[in-house]
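The values are calculated or read from the model by the stated rules, or taken from the named source; none is laboratory data. Keep in mind it's a predicted model, so treat the numbers as computed, not measured. FYI the Cβ positions are ideal-geometry reconstructions off the backbone, even for glycines, and counts take in every protein chain you see. The protein model used for the area step is the full one, side chains on, heavy atoms only, and it has no ligands, DNA or RNA in it. Shrake-Rupley method; radii C 1.70, N 1.55, O 1.52, S 1.80 Å.
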Amino acid sequence: MTYQEFQTAFSIRLNPQQEAAVRQTEGPVLLLAVPGSGKTTVLVTRLGYLLYCKGAAPEELLTVTYTVAAAGDMKRRFQALFGERFTGRLTFRTINGLCASIIRFYARRRGSTPFALADNEGRLNAAVRDLLSRTGGAYPSEQQIKDARTHITYCKNMMLSEAEIHAHRVEGMDFPAVYFAYQDFLRRSRLMDFDDQMVFALRILRREPGVLAHYQRRYRYLSLDEAQDTSKIQHAILALLARERRNFFLVGDEDQSIYGFRAAWPQALLTFEENWPGARVLFMETNYRSTQSIVTRADAFIQQNQSRRPKHMRTDHPQGEPIRKIELADYSRQASYLLQVARDCQRPTAVLYRNNDSALPLLDLLDREGVPYACRQREGFFFTSPVVRDLTDILRFAFHNCDREAFLRFYYKLDLKLKKRLLEERLRFQREGETVFETLLNAGGLEPWQAGRVKAMQTHFAKLPRLTSFAALQRIVKYMGYGEYLKEQKLDASRLDILLALANQTRETGPFLARLQELQGIAAGGGQAESPFVLSTIHASKGLEYDRVLLIDVVDGVFPSLREEEGLSPEDRAALEEERRLFYVGVTRARERLELLTYREKFGAPREAGLSFVRQLLGEEAAPRNQPAQPRPRPKPAAGPTAEQAAVWEKDYLPGVEVVHKRFGRGLLRDRAGSIATISFPEFGVKRLDLIVCLKRGQIALAHFLPDSGR
């Protein structure tokens, strides 16, 4: 069948770059595909072209995907386009599925039984928890267990030597000891984890020429999807399989490599021609997903990375709405703003964030108000993290201050400064019904300064139950010494902000503690899968798209987690580039509308952090270093829109946003009922205004709305 006949028979419609990729079937090929450029369509079409136009047998084609779900999706896409004739004879596999096949084949040849696959996550987590306890961590948290396992995966996927593993450092644990004890546990149990599957498969291919030759003969054409997320050991395995025939087709985009913590190896894309002499590098640069305003800005943004191929994303789509920056008056208003977006949601909309914890204040409100949502990622590490665990333990003790064991778990993190032996000796004499503080003061033997500290702490704890939950947390951190402990131990305090936001939404301390327990179950539930309003980390949104995307917490120190400044180490600069790629992936999930949510204050205090990613995306100039920011001129309301535009724009005016009115100046939108907004103006007091009327007359605008300048 000729290519023209192939096109006609299967209604193939490709642009010139896509067609070039489909028809380049021989030799090593790297196809660099920007977001929304149709890479899955090209992969599937190329398989059909090999079968119908090049006479390849379906059994000779191996397609490796990043996930099991992607393998199933690609198989369905192939069947939808080409029917059932070849579908059942094609091989779509993850790298782990391929490695399992290699291990089984080798075991059959030798007549041996391979180690069993350790696929019981609960058992593996329990083993790591035990190892962390035995190597110095008395009470390992779920986050520490996850971190240990992530770094174990990293070491195996990066093919680190024993010496390199001994030098590998992870904060809060003796990682080398944990790693080697974990490997010993697997050996003694005759188990291998998913990463060991790859280690063993690579060892077999390197040591057993007969096994390698079998797989090289079996698969004449090898295709790899999501090549930028493939690890170093995975690239090594696939390179061995493709070495003989050299028909190796990689599809990826180093600009979308966001799994560095899992040892993704995008360098393989940057050095492809060196590793595969005579290779061809092709591009697919047309985005079929997003509007011109999103594509143009996203392309300019990612150009700022250094470790990338020179390419540009473009689109033939209309200009569309400009990217919007919504700066709320305070961080605490973010959840209520998004709640209103959820209430009004009638088309696919995603709230995307860097950290999974960011969704919790919004989840809390959505659940209280009965507003439907879907949540794509539901890890519960927030509730067992050290900072959250400490603060909730301290709050519970305020209601049960006879609990000696609880007190001994956290006392040294507060401003008490008494030795453990002294406390334990005196608390041995605690009588039933007597508080810890009464026991310490009644036992005698304390120096006057020691008794003074105990009395001061007793006063603090007596007041905590009478405070709001927010004020109680602030008191613990600012006045009881816990904030100093965080600084001394260099602990991540980012979860404190989430906890404070949740406390703002449950005023009383007792109900707040109960609500946290409820939220743990709510967060694990995931909401309603069919809801058009989706909450997701950017990692979990990879490969998906939505009509409207809201990126939240886009503030330096949160997203990006690193602050962009001079003198960054090479490691930190590489990490910052990955953060920029992550932001780029989030931006390019949006089809029609993209909004960036920031805030001017955090719990009433001026925001100190900058907005470097917002500024870079919108093409703003950076403020000069060491120079106070100049006051911004009052923005002028835009010329009046059409009635249709006014109805659309009016939906952006939600409680918490700042506005500027032609007559009343800058004000804070406090409440809304339909199109009627209650707005507080410092100079003119509280006004009730009809937003649609004001918009149509060009009288009002969002104070911090920044259009896509440079269109």
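Basic side chains Lys and Arg get +1 at the Cβ, acidic Asp and Glu get -1 at the Cβ, and with that the dipole of the chain about its Cα centre reaches some 600 debye. In order along the stretch 241-248, the phi-based Karplus estimate (6.51 cos²θ - 1.76 cosθ + 1.60, θ = phi - 60°) of 3J(HN,Hα) comes to 5, 8, 4, 6, 8, 6, 8, 10 Hz; Gly and Pro are listed as x.
Note on exposure: 416, 611 ranked by accessible area (1.4 Å probe, complete protein assembly) read 611, 416, with the most exposed listed first. Karplus-based coupling profile of the stretch 516-524, in residue order and whole Hz: 4, 5, 4, 4, 4, x, 4, 4, 6, with θ = phi - 60° in 6.51 cos²θ - 1.76 cosθ + 1.60 and x standing for Gly or Pro. For the chain, would you read off the P(r) tail past 34 Å as a percentage of all alpha carbon pairs? Result for the distance tail: 56 percent.
What the stretch 450-573 shows is 46 Å² of accessible area per residue, with the surface traced by a 1.4 Å probe over protein heavy atoms. Listed values for the stretch 210-221 are Karplus-derived 3J(HN,Hα) couplings in whole Hz (6.51 cos²θ - 1.76 cosθ + 1.60, θ = phi - 60°), namely x, 5, 4, 4, 4, 6, 5, 5, 5, 10, 7, 10, and x replaces Gly and Pro. In a DSSP loop and with at most 15 other Cβ atoms within 10 Å, the GluC sites (Glu not before Pro) in the stretch 55-158 are 84. Multiplying the residue separation of residue 572 and residue 274 by 0.36 nm and removing their Cα-Cα distance gives an extension gain of 104.6 nm. A 1.4 Å probe run over the stretch 280-433, with the rest of the protein chains in place, finds 44 Å² accessible per residue. Between the C-alpha center of the stretch 429-456 and that of the stretch 200-217 there is a gap of 71 Å. Each Lys and Arg adds +1 at its Cβ and each Asp and Glu adds -1 at its Cβ; summed about the Cα centre, the stretch 500-612 shows a dipole of about 360 debye. By the rule of a C-alpha distance below 20 Å, with chain neighbours fewer than 8 residues away ignored, the lysines paired with residue 478 are 413, 417, 455, 463, 487, 490, 602. Taking the charge dipole of the stretch 446-538 about its Cα centre, with +1 at Lys and Arg Cβ atoms and -1 at Asp and Glu Cβ atoms, the residue from 526, 499, 458 reaching farthest to the positive side is 458. For the stretch 476-501 versus the stretch 682-699, the inter-centroid distance based on Cα atoms is 41 Å. Quick check: at a probe of 1.4 Å, how many percent of the accessible area of the stretch 341-389 sits on carbon and sulfur atoms? Whole-percent figure for carbon plus sulfur exposure: 39. Nonpolar atom fraction for the stretch 1-47, defined as the carbon and sulfur part of the 1.4 Å probe accessible area, stands at 50 percent. Remark: the residue 479-residue 262 segment gains 74.1 nm on full extension, using 0.36 nm per residue and subtracting the alpha carbon distance.
Loop-located GluC sites (Glu not before Pro) in the stretch 2-50 (DSSP state other than H, G, I, E, B) with a sparse environment of at most 13 neighbouring Cβ atoms within 10 Å: 26. Taking Lys and Arg as +1 and Asp and Glu as -1, the other residues whose beta-carbon sits under 15 Å from that of residue 284 total 0.
On full extension, the segment bounded by residue 207 and residue 432 gains 74.1 nm, given 0.36 nm per residue less the C-alpha separation. Computed from the Cβ-Cβ distance with R0 of 35 Å, the FRET efficiency linking residue 8 to residue 494 stands at 0.05. In the chain, the calculated helix contribution to ellipticity at 222 nm averages -13500 deg cm²/dmol per residue, counting -39,500 (n - 2.57) for every DSSP H run with n ≥ 4. The chymotrypsin sites (Phe, Trp or Tyr not before Pro) of the stretch 346-439 that meet both conditions, a loop assignment by DSSP and at most 15 other Cβ atoms within 10 Å of the site Cβ, are 429.
For the stretch 72-167, the Cβ-based charge dipole about the Cα centre amounts to some 680 debye (Lys, Arg positive; Asp, Glu negative; other atoms uncharged).
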